[in-house]
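Where a number appears in this text, it was derived from the coordinates with a stated rule and is not lab data. Note that this is a predicted model, so its numbers are computed, not measured. We place every Cβ from the backbone using ideal geometry, glycine too, and count neighbours over all the protein chains shown.
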Amino acid sequence: MPEQTYLEAIRAGLHEEMSRDSSVYVLGEDVALGGPFGVTKGLSEGFGVHRVVNTPISEGTVMGLAIGAATAGLRPVVEIMFIDFITLAMDQLVNHAAKLHYMSGGQLKIPLTVRVQCGISGAMGAHHSQSLESWLAHVPGLKVVMPSNPADAKGLLKAAIRDDNPVIFIEHRGLYRTRGKVPDGDHLVPIGRAAVLREGKQVTIVALANTVGVALAAADELAGGGISTEVIDPRSISPLDVETIVESVKKTSRMIIVHEAVEKGGIGAEITATVQEHALYYLDAPILRIAAPFAPVPASPSLEKQFLPNQACIVKAVRKLFG
Amino acid sequence: MPTRKENSKDLIDLLRRMWLIRAFEEKVSALYAERQIVGLLHLGIGQEAVAVGTCSLLRPDDYVFGGHRSHGHALAKGADVNRLMAEIAGRATGYCGGKGGSMHIVALEAGFVTATGVVGGTIPLALGAAFAAKEKKQGQVAVVFFGDGAGQAGPFHESLNIASLWRLPVIFVCENNGYAEFTPLSAHTKVERLAQHAKTYDISSSTVDGNDLLAVRTAISKALGKTRAGTGPVFVECLTHRLRGHYEGDPAKYRELSQLTQWKSKDPVARFTRLLKSKKAITDNELQAIESEARSRAEQAAEFSLSSPWPAEEEVATQVTADLP
């Protein structure tokens, strides 16, 4: 099994799906040139600029164009350069991509993938650092995935492109250079299934994207102090693999949710509500959330560090659960 | 003047298509007044010449997109009268099983891809269908209908720019009916003729009398010639007027009575009828037969719709996502 970076795994996934299916098109700002991080580097040379299409800075219209192309038989992959700019395309995503299958009584299908990177990395400030996944997960008709490692990034992207629904594929910029083993061959990860990354008996940590690595490091530290921690990466937040999370909590009786999005109204609230519906009487302690404060992302690197959930907060919170 | 000589049979057929839309929408209006149909209805009575003048020239596999006032566009593209009215009435037998309704009609079998409740929202979608058509190289075009209100929305300008830049086979049909909801165009923009925007983006354009069926056909015919030849998009602005309010129940007090009277005298159905009579292309008996056939089809559609079942309760949350292929 070769090692790849998260970024290379995404590029390989795009390359494989474009080779496999001539109806897959990539559209976005600067994509034919490789984009700002180099994810689409080399694709236009291989597939031509008619399939790897540079667009003007018109996110809303490009999203609508991709939806229209999907109604006419293509499988577009749209890149939104930063999730902060998905705000400009929300009308098309929410009112058309998400609803056309339902509103048409099943006549239309929208096989659309939206690749977008999110999160805090490199002190880019409030307009290039947000985590907006819970907005998207609130919309019926959209699927939302957030891979935390190279293997899942490739497998989920390939699954997203083959899915007949709009799938928002959220990449964390801070993970682009991280390395990991990626299975050979046609590697697919089903959308809607969580991964148990570390088994444990006394507490469950559910973490997303960039915070998965932080949670795993916290679990190591806690093991040193005698606390056995299970770490779950939902990978897909809509649909959410409720069963895997609930079964874990029934076993451990304690849960902490970690994400980089602000705490209020975040996906942690949804997971908490769901777990209490299914496993309230198994809980020995309140469910806690470790997330960003209810504030925009600051630009200063020192404030940015304060903003992020870190290993120390997780360890402290877990110890609190044990009194 | 039409670009080619139309024979009487063709002309009579065009009148028949306009009458079907008129009778359909008048029936819908009557059912709404009786509370047999509920919801938010935007009728295009008075604008039929644009829908028929455009769609009568399209191929079955061309893509048509509409807006919130699009019953006529769907019918003109060949949507089934019964299934369309049943959809507006919220019944299980409607095109969308009652999940779409008046503003979200989809009649894919007829090439009517979708309407929308968002003003200007389908303009980018039409670009996408045109993008796919260009890649498939089968000569299809995409047509999108929108009103003058959409001309002040961002996606309108972004779409004109991209369509021109990529030479997409799309025809923009602007139904300039002078009002964006309750407000006259003059209070929304200094740009009186929306075709002027097309010039900015280097798109071939024309402004025509949208209540003159043959004038619309001439403009669309020219537009199709260019678009199918691969030279890029065309913009056709049709000056028209809705003879009803913005929505059913809107008393339209913002409109001067004299203005309404003036536009009524330009009613596209009556006007085309007068033209056919002056050319002696149609007899009074034929005229009467066309109207009564249209009204009878609308009556039958109403009976079909109102006797159809409501959607089953469990349909409330089905088809939210498509099954895996």
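Positive-end ranking of B:Asn285, A:Gln92, B:Phe182 along the dipole of the protein assembly as shown, with charges on Cβ about the Cα centre, is headed by B:Asn285. Once C-alpha pairs closer than 8 Å and six or more residues apart are averaged by separation and normalised to the residue number of the range A:195-321, the relative contact order reads 28 percent.
With both residues required to sit in the range A:3-181, DSSP beta bridges show an antiparallel share near 10%. Under Stokes-Einstein, with the Kirkwood radius over Cα pairs standing in for Rh, what whole-number D in µm²/s applies to the protein assembly as shown at 25 °C and 0.890 mPa s? Estimated diffusion coefficient is 92 µm²/s.
Which FRET efficiency, nearest 0.05, do B:Arg228 and B:Thr183 yield, Cβ-Cβ r, R0 56 Å? E(calc), rounded to 0.05, equals 0.90. Rounded to the nearest 5, the antiparallel percentage of DSSP beta bridges internal to the range A:195-321 is 25%.
Magnitude of the charge dipole for chain B, about its Cα centre and with charges confined to Cβ atoms of Lys, Arg (+1) and Asp, Glu (-1), is about 1220 debye. For the range A:235-294, the square roots of the Cα gyration tensor eigenvalues, ordered a ≥ b ≥ c, give a/c of at least 1.5 with a/b no greater than b/c, which places it in the oblate category. Pairs of Cα atoms nearer than 8 Å and 6+ residues apart set the relative contact order; for the range B:93-213 it is 19 percent.
Straight-line cross-link reach from B:Lys136 at under 22 Å between alpha-carbon atoms covers these lysines, not counting any fewer than eight positions away in the same chain: A:Lys109, B:Lys77, B:Lys226. Computed from point charges on the beta carbon alone (+1 for Lys and Arg, -1 for Asp and Glu), the dipole magnitude for the protein assembly as shown about its Cα centre is near 1240 Debye. Please say if chain B is rounded, prolate or oblate, where rounded means a/c under 1.5 for a ≥ b ≥ c the square roots of the C-alpha gyration tensor eigenvalues, and otherwise the choice is prolate for a/b larger than b/c and oblate otherwise? It is rounded, given that a/c, with a ≥ b ≥ c, falls under 1.5. Model label points for A:Ser22 and B:Ala289, set 7 angstrom from Cα along the Cα-to-Cβ axis, are 5.0 nm apart.
Of the residues B:Thr227, A:Thr274, B:Thr218, the one with the fewest other Cβ atoms within 10 Å heads the list, and the complete ranking is A:Thr274, B:Thr218, B:Thr227. Looking at the range B:258-314, the trypsin sites (Lys or Arg not before Pro) that sit in a DSSP loop and have at most 14 other Cβ atoms within 10 Å of their own Cβ are B:Lys279, B:Lys280. Run the reach check for A:Lys251 against aspartates and glutamates, Cα to Cα strictly under 18 Å, same-chain hits fewer than 8 apart removed. What comes back? Correct list for A:Lys251: A:Glu199, A:Glu230, A:Asp233, A:Asp241, A:Glu243, A:Glu277, A:Asp284. Relative to the longest principal axis of the Cα atoms of chain A, the long axis of helix A:150-162 lies at roughly 50 degrees. Return the aspartates and glutamates within reach of A:Lys305: Cα separation strictly under 15 angstrom, same-chain partners fewer than 8 residues apart disregarded; answer none if there are no such residues. Result set, ordered by chain and number: A:Glu260. Residues A:Lys109, A:Lys264 in ascending order of nearby Cβ atoms (within 10 Å, fewest first): A:Lys264, A:Lys109.
For the options A:Gln202, A:Gln306, A:Gln130, a Gaussian network treatment of chain A with springs between C-alpha atoms closer than 10 Å singles out A:Gln306 as fluctuating the most. For the peptides B:95-106, B:195-206, residues were scored by their other Cβ atoms within 10 Å and the scores averaged per peptide; the highest-first order is B:95-106, B:195-206.
Shown here for the range B:229-325: GluC sites (Glu not before Pro) in loop regions (DSSP other than H, G, I, E, B) with at most 12 other Cβ atoms within 10 Å, namely B:Glu256.
Multiplying the residue separation of A:Phe37 and A:His15 by 0.36 nm and removing their Cα-Cα distance gives an extension gain of 6.3 nm.
Looking at the square roots a ≥ b ≥ c of the eigenvalues of the Cα gyration tensor of the range A:94-194, which shape do they give, rounded for a/c under 1.5, prolate if a/b is larger than b/c, or oblate? The shape class here is oblate.
Taking a spot 7 Å from the Cα of B:Asp202 along the direction of its beta carbon, which residues of the range A:28-69 have an amide N less than 15 Å from it? Within reach of a label on B:Asp202, which here means backbone N under 15 Å from a point 7 Å along Cα→Cβ, the range A:28-69 contributes A:56. Inter-part distance, the range B:40-118 to the range A:118-141, computed on C-alpha centroids, equals 37 Å.
About its Cα centre, the range A:3-181 has a charge dipole of approximately 340 debye under the convention of +1 per Lys or Arg Cβ and -1 per Asp or Glu Cβ, with nothing else charged. Phi angles of the range B:301-308 translate, via the Karplus equation with coefficients 6.51, -1.76, 1.60 and θ = phi - 60°, into HN-Hα couplings of 5, 5, 4, 4, 5, 6, 8, 7 Hz per residue; Gly and Pro are given as x. Sorting A:Met18, A:Met1, A:Met124, A:Met255 from the fewest to the most surrounding beta carbons within 10 angstrom yields A:Met1, A:Met124, A:Met18, A:Met255.
Helical content of the protein assembly as shown, expressed as a calculated mean residue ellipticity at 222 nm, amounts to -12000 deg cm²/dmol (DSSP H runs of 4 or more residues, -39,500 (n - 2.57) each, divided by residue number, nearest 500). In this simple spin-label model, placing a label point 7 Å from the Cα along the Cα-to-Cβ direction at both B:Val191 and A:Glu45 gives a separation of 4.1 nm.
Here the 3J(HN,Hα) profile of the range B:127-132, calculated from phi with Karplus coefficients 6.51, -1.76 and 1.60 at θ = phi - 60°, is 4, x, 5, 5, 4, 5 Hz, Gly and Pro shown as x.
For the range A:137-214, the relative contact order is 38 percent, taking Cα pairs closer than 8 Å that sit 6 or more residues apart in sequence and dividing their mean separation by the residue count.
Are there chymotrypsin sites (Phe, Trp or Tyr not before Pro) in the range B:160-192 that DSSP puts in a loop and that have at most 14 other Cβ atoms within 10 Å, and which ones?
Those satisfying the criteria are B:Phe182.
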